[in-house]
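S.K.: Here you go, one structure.
The values are calculated or read from the model by the stated rules, or taken from the named source; none is laboratory data. Source: prediction; values computed, not measured. Methodologically, a virtual Cβ is constructed for each residue, glycine included, from the backbone with ideal geometry; neighbour enumeration extends over all protein chains shown. Accessible surface areas use protein heavy atoms only, side chains included; no ligands, DNA or RNA. Shrake-Rupley method; radii C 1.70, N 1.55, O 1.52, S 1.80 Å.
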Amino acid sequence: MLDYLLNGLALGAIFAFIALGYTMVYGIIKLINFAHGEFFMFGAFLGFFVLRDLGVERLPLPQPLPILLSYVAALTAASLGAGALAVVTERIAYRPVRRAGRIAALITAVCVSLILQNLAIKAWGAKPQAYPQPREWIDTDDLAGAAPANLYAVKRVETTGGEVVENEVRVVEAGAALDDATRARLRAEGHERVYRQVPLDRGWTRGFVLLALLLWAPVLWFLVKRTRMGKAMRAVSEDSDAARLMGIDINRVIAWTFFLGAFVAGVGGVAYCVSYGKVEPLTGFLPGMKAFIAAVIGGIGSIPGAILGGLVLGTAESLIPYALREGLGWEAAFAWKDAIAFALLILILVFRPTGILGRAVREKV
Amino acid sequence: MSGELLFWLNLLVTVGIYTLLAVSLNLINGHAGMFHLGHHGFWALGAYAATWLTLNAASLPGPLLYVLSLLLAMAVAAIGGLTIGIPCLRLRGDYLAIATLGFGEIVRIAVQNSPHDFLGGSLGTKVPRVLMEVTRTTQVPFRFLTLAIVAVACAAAILVFRNFLRSLPGRRLLAVAQDETAAGLLGIDPTRSKVLAFVMGSAVAGLAGGLYAHYMGGINPLNFNFMEMVKMFLVIVLGGMGSLSGCVIGAFLVVATEQLLNRAPEAIASWWQVLFPLILALMIVFRPQGIFGRKEITDMIRAWRRSPA
Amino acid sequence: MLVLEGVDVFYGRIQALHGLNLHVDDGEIVTLIGCNGAGKSTTLRTISGLLRPRRGGVTFDGKDLAALPPNRIVQLGLSHVPEGRRIFTNLTVRENLDMGAYLVRDPKARRERLDRVFALFPRLEERMDQPGGTLSGGEQQMLAIGRALMSRPRMLLLDEPSLGIAPILVKEIFDEIARINREEGTTILLVEQNANLALHRATRGYVLETGRIVLEDDTKNLLQNPQVKEAYLG
């Protein structure tokens, strides 16, 4: 039970990271940015490439610094990349339709989402790829006794398409003796250093995600409440014409909002893929939809609402099927968690469209 | 020769099915002005309802089973439309869009998780070839027969919708779409008008689903994903929101482009997935009224005849 | 200082302004009076860049405004207090004023402007941390004017400052407007439906009818003009 609750909260924290971007963008231009999930996916892919190819974890520093640094690098790349993609998308696709009405803008957003998904398929293939596990690098000379776990080396493979792919090759099995003969063999094969995979502890990843949310929430709160740009965002979201009369360049403010929302989603993207162990071009679709539901549950347009909504949805997705399984003996309950999320969305929309923390705004007739 | 004929027959049948989907989506989105993004859900409901009956009433004669399963498809989809329609129609604009999209996804998740012996689950299921009793083969005669049935269904649907839109309830619906508040002040019950449109639209989408299942001989949840929804949207945006004849042209353009591209090498064909959302986005920006706008082909012919020279 | 020449403005196909000519000189208070829908607000929105003229020129100190976005126009020293106040109701009074000084980067200059606005409208200082939406109509109008003053404009465009405000506060607000003009040398273009009030405070006036200027004179003369008397002062 506690385990399910913690899982739910960690998942909810990831939803919250994505929901923040939805809610900020909706707040400022009243657009359900369907492509937000694709910014998230793009960030996750960048993080994937950094973890797999950049080799930050090979830095000759005491453990666990190299591993931590590699994740910091992955998160930075993911956030900046997702932010940049969001800014470009806003400029090319959303600015031209900003005055064309909400429905036209929403259709455009749906199209952008599909286009980005399919471009990602073109670029990186449709198949899911394993998200790299943390690697601990060891000098061949330092090996002693028996191998505590499988040892791997990196092997670069050229595929028929001409692209270079890095593969993990097992060079020593767990428990095998690491005698001089083995060391000599490894060196002869060119393996100066080998690594072992550090198993990802679920408790750790959960803790990390929740901690990240705990750190990010006040930063965002500060950015939006206290900084000049944050105040301008709130001003534009309330009355963009009045904001223009203050000398606010609303295009810049909107671009920053997209950047900030996608930046945070990039963090969520890496966290999500680390938790699930894989990444694919469709990675963004379902979490994106879920995050939108979270934003609606919390009250779209409200930043604390997005965080609360994310946590509520994550917990509900974990605890409701748990209750159904334990209480009613329905074994397949977990397969239905996505349907539960959508049903929750419809219920919220029908009975309390302003969400938990949203303010009631009368639609203009 | 026969291969070429089969290709074009297949293309036309698919155009017909998309026409049914498009006219019914258009009734809801175009004429009734509700932004509905869950049409793939009704389509799936119809397809699965027809499949279920066909699997479970195998003792009936084929053609009878075919007709009954289509009727059931319409009924189930219409009930789906009613169930989702009543609570959601109080919502407006993008909220309605998201709620109906949620519905479409729920349908897909439901069939995906259904027990394998019930609806085939995520692997899909075969649909017994009940029309085989008439055509003996699934080649040319089968496609000809299906094409004839689909054509009749399209003609019937367009005729029914056209007459509906000219009738009093139809006029009420158009009034509600124009200005809900004003229509309400005139004593029109907006929710009733909208639910009616929703039920009619979903029934026809269900019919399209039934025809599709029988034609394909097998269905799986991936046939009814959100991409298909966006494709239907492209059809009605190309044809013009609110134009019935536009739907036929739009369906032809979209399906023909897709299928002709599919004959190209894979490297080119796969760009279709990028191309069609791009076309839709460009249409929305540069010609949101579509090719026909709200006009019908018959209006244009009339105008052209009347014009001197 | 501000010159409009032959300005045509359209909303879609409907023409709202027809060849409008208008000028405001340094240090003046000029008023633009007219009925509902005459095009008064449209004129101000065109000057501040929210609307684009289809034909004609708008210049401020010789600079062409017609092609500039609103944020650049504010930078030139022209501040617009829109109709209906349009304060940010979810932002506090202080934050509203900060938004007014969005383009003032120097913290010392911002502080000076803030002190000046609080000196003009002491009530705003009392309500500094309250959300703008909780203020009364009159206080909101003071906030809207104070917000516009934060950018230290050389010219202020005021759109219906008396609209929906208790009569007792209207006088106070108009006194402050006159004081701003006198003490800061801020040029003012005032749009008002309450012609009586406006003509008594301004030096010159224009009368706008269905998008055209029909009269232009010193306010002394306008107050005596029988047409104006009958149509607007009744």
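S.K.: Go through the range C:58-160 and tell me which helices (runs of 4 or more DSSP H), entirely inside it, have 3 or more residues that are surrounded by fewer than 24 Cβ atoms within 10 Å (Cβ to Cβ) and at the interface with chain A (Cβ under 9 Å from one of its Cβ atoms). Please lay out each step first, then the result.
M.R.: Values: elements: C:70-75, C:93-100, C:107-120, C:122-126, C:137-149.
It comes to C:70-75.
S.K.: For residues in the range A:101-111 being within 7 Å of another protein chain (Cβ to nearest Cβ) and not basic (Lys, Arg), which is nearest to A:Pro287 (Cα to Cα)?
M.R.: Initially, the range A:101-111 is screened for residues within 7 Å of another protein chain (Cβ to nearest Cβ), giving A:102-104, A:106-108, A:110-111.
Going one step further and asking which of them are not basic (Lys, Arg), we end up with A:103-104, A:106-108, A:110-111.
Working: A:Ile103: 23, A:Ala104: 24, A:Leu106: 18, A:Ile107: 19, A:Thr108: 20, A:Val110: 15, A:Cys111: 18 Å.
Ranking the candidates gives A:Val110 first.
S.K.: Could you grab me the full set of residues in the range B:188-231 that are among the polar types (S, T, N, Q) and away from chain A (no Cβ under 14 Å)?
M.R.: Our first condition is that a residue be among the polar types (S, T, N, Q); within the range B:188-231, this holds for B:191, B:193, B:202, B:220, B:223, B:225.
Result: B:Ser193, B:Ser202, B:Asn220, B:Asn223.
S.K.: Is there any pair linking a residue in the range A:270-285 that is in the same structural domain as A:Ala341 (by TED's automatic domain parsing) to one that is charged (D, E, K, R), with Cβ under 6 Å and at least six apart or on different chains, and which?
M.R.: From the range A:270-285, the pairs are A:Gly284/A:Glu38.
For (1) touching a residue at least 40 places away in the same chain (Cβ under 8 Å); (2) assigned to a helix (DSSP H, G or I); (3) of a type in the set (A, V, I, L, M), each residue gets a yes or a no:
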{"site": "B:Gly3", "(1), (2), (3)": "no, yes, no"}
{"site": "B:Leu27", "(1), (2), (3)": "yes, yes, yes"}
{"site": "B:Met34", "(1), (2), (3)": "yes, no, yes"}
{"site": "B:Leu91", "(1), (2), (3)": "no, no, yes"}
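S.K.: Also: Filter the range B:122-141 down to the residues that are free of Cβ contacts under 8 Å to residues at least 12 places away in the same chain and in contact with a helix residue (DSSP H, G or I) (Cβ under 8 Å, 6 or more places away or on another chain) and list them by number. Outline the logic, then answer.
M.R.: Initial filter on the range B:122-141 (free of Cβ contacts under 8 Å to residues at least 12 places away in the same chain): B:135-137, B:141.
Result: B:Thr135, B:Pro141.
S.K.: Just to be sure, is A:Ala126 within 24 Å of the chain's Cα centre (by Cα) and either outside the structural domain of A:His191 (by TED's automatic domain parsing) or in contact (Cβ under 8 Å) with a residue 24 or more places away in the chain (or both)? Don't jump to the end; show me each part of the working.
M.R.: On the way: within 24 Å of the chain's Cα centre (by Cα): yes; either outside the structural domain of A:His191 (by TED's automatic domain parsing) or in contact (Cβ under 8 Å) with a residue 24 or more places away in the chain (or both): yes.
Yes; evaluated as a whole, the condition is true for this residue.
S.K.: I want to confirm something. Restricting to the range A:123-154 and keeping residues that are within 14 Å of chain B (Cβ to nearest Cβ) and touching a helix residue (DSSP H, G or I) at 6+ places or on another chain (Cβ under 7 Å), which single residue is surrounded by the fewest Cβ atoms within 10 Å (Cβ to Cβ)?
M.R.: Only one residue fits best here, namely A:Ala126.
S.K.: Another one. From B:Leu280, B:Leu253, grab the single residue that is within 11 Å of chain A (Cβ to nearest Cβ) and under 20 Å from the mean Cα position of the chain (by Cα).
M.R.: Working: B:Leu253 fails: within 11 Å of chain A (Cβ to nearest Cβ).
When all the criteria are applied, what remains is B:Leu280.
S.K.: Mind checking whether some residue in the range A:75-88 is over 17 Å from the mean Cα position of the chain (by Cα) and either crowded, with 16+ Cβ neighbours inside 10 Å or away from every other protein chain (no Cβ under 14 Å) (or both)?
M.R.: Of all residues in the range A:75-88, those over 17 Å from the mean Cα position of the chain (by Cα) come to A:87-88.
Applying the additional criterion that residues be either crowded, with 16+ Cβ neighbours inside 10 Å or away from every other protein chain (no Cβ under 14 Å) (or both) yields A:87-88.
The answer is yes; a qualifying residue exists.
S.K.: Given the condition assigned to a helix (DSSP H, G or I), more than 18 Å from B:Ala110 (Cβ to Cβ) and not charged (D, E, K, R), answer yes or no: does some residue in the range A:329-339 qualify?
M.R.: Looking only at the range A:329-339, we keep the residues that are assigned to a helix (DSSP H, G or I), and these are A:331-339.
From what's left, more than 18 Å from B:Ala110 (Cβ to Cβ): none.
Within the range A:329-339, not a single residue is assigned to a helix (DSSP H, G or I), more than 18 Å from B:Ala110 (Cβ to Cβ) and not charged (D, E, K, R).
S.K.: So, one more: Of everything in the range B:264-295, what is open to solvent by 30 Å² or more (accessible area, probe 1.4 Å), in contact (Cβ under 8 Å) with a residue 24 or more places away in the chain and more than 18 Å from A:Ile115 (Cβ to Cβ)? Give them in sequence order.
M.R.: If the condition is that a residue be open to solvent by 30 Å² or more (accessible area, probe 1.4 Å), in contact (Cβ under 8 Å) with a residue 24 or more places away in the chain and more than 18 Å from A:Ile115 (Cβ to Cβ), then B:Pro288, B:Gln289, B:Ile291, B:Arg294, B:Lys295 are the ones that fit.
S.K.: Tell me whether the range B:117-133 contains one or more residues that are hydroxyl-bearing (Ser, Thr, Tyr), within 14 Å of chain A (Cβ to nearest Cβ) and buried (at least 18 other Cβ atoms within 10 Å of the Cβ). Please lay out each step first, then the result.
M.R.: Going through the range B:117-133, the residues hydroxyl-bearing (Ser, Thr, Tyr) turn out to be B:122, B:125.
Now narrow it down to the ones that are within 14 Å of chain A (Cβ to nearest Cβ): B:122.
From the residues that got through so far, the ones that are buried (at least 18 other Cβ atoms within 10 Å of the Cβ) too are none.
No.
S.K.: Any idea which of A:Arg228, A:Arg193, A:Arg252, A:Arg206 is farther than 28 Å from A:Lys290 by Cα, out of contact with any Cys (no Cβ under 9 Å at 6 or more places or on another chain) and in contact (Cβ under 8 Å) with a residue 60 or more places away in the chain?
M.R.: Among A:Arg228, A:Arg193, A:Arg252, A:Arg206, only A:Arg193 is farther than 28 Å from A:Lys290 by Cα, out of contact with any Cys (no Cβ under 9 Å at 6 or more places or on another chain) and in contact (Cβ under 8 Å) with a residue 60 or more places away in the chain.
S.K.: When you go through A:Ile107, A:Ile67 one by one, which is the residue that is within 30 Å of B:Val235 (Cβ to Cβ) and in the same structural domain as A:Gly269 (by TED's automatic domain parsing)? Working first, answer last.
M.R.: Working: A:Ile67 fails: within 30 Å of B:Val235 (Cβ to Cβ).
Going through A:Ile107, A:Ile67 in turn, the sole match is A:Ile107.
S.K.: Further question on the same structure: Looking only at the range B:147-161, how many residues end up being open to solvent by 50 Å² or more (accessible area, probe 1.4 Å) and not small (Gly, Ala, Ser)?
M.R.: Final tally of qualifying residues: 3.
To keep it simple, each residue is scored yes or no on (1) hydrophobic (A, V, I, L, M, F, W, C); (2) surrounded by 20 or more Cβ atoms within 10 Å (Cβ to Cβ); (3) modelled with pLDDT under 90; (4) under 18 Å from B:Phe161 (Cβ atoms).
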| position | (1), (2), (3), (4) |
| --- | --- |
| B:Leu5 | yes, no, yes, no |
| B:Thr14 | no, yes, no, no |
| B:Thr54 | no, yes, yes, no |
| B:Ala57 | yes, no, yes, no |
| B:Gly62 | no, no, yes, no |
| B:Pro87 | no, no, yes, no |
| B:Arg92 | no, no, yes, no |
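S.K.: Still on this model: Restricting attention to the range B:261-269, does a residue exist that is of a type in the set (Lys, Arg) and within 16 Å of the chain's Cα centre (by Cα)? Spell out the reasoning first.
M.R.: Applying the first criterion (of a type in the set (Lys, Arg)) to the range B:261-269 yields B:263.
Within this subset, residues satisfying the condition of being within 16 Å of the chain's Cα centre (by Cα) are none.
Looking through the range B:261-269, none of the residues is of a type in the set (Lys, Arg) and within 16 Å of the chain's Cα centre (by Cα).
S.K.: In the range B:183-227, how many are without any contact (Cβ under 8 Å) to a residue 12 or more places away in the chain and touching a helix residue (DSSP H, G or I) at 6+ places or on another chain (Cβ under 6 Å)?
M.R.: Residues flagged as without any contact (Cβ under 8 Å) to a residue 12 or more places away in the chain and touching a helix residue (DSSP H, G or I) at 6+ places or on another chain (Cβ under 6 Å) within the range B:183-227 amount to 2.
S.K.: Would you confirm, using the coordinates I've provided, whether B:Leu96 is within 14 Å of chain A (Cβ to nearest Cβ), assigned to a loop (DSSP other than H, G, I, E, B) and out of contact with any strand residue (DSSP E or B) (no Cβ under 8 Å at 6 or more places or on another chain)? Lay out the reasoning, then the answer.
M.R.: Values: within 14 Å of chain A (Cβ to nearest Cβ): yes; assigned to a loop (DSSP other than H, G, I, E, B): no; out of contact with any strand residue (DSSP E or B) (no Cβ under 8 Å at 6 or more places or on another chain): yes.
No; evaluated as a whole, the condition is false for this residue.
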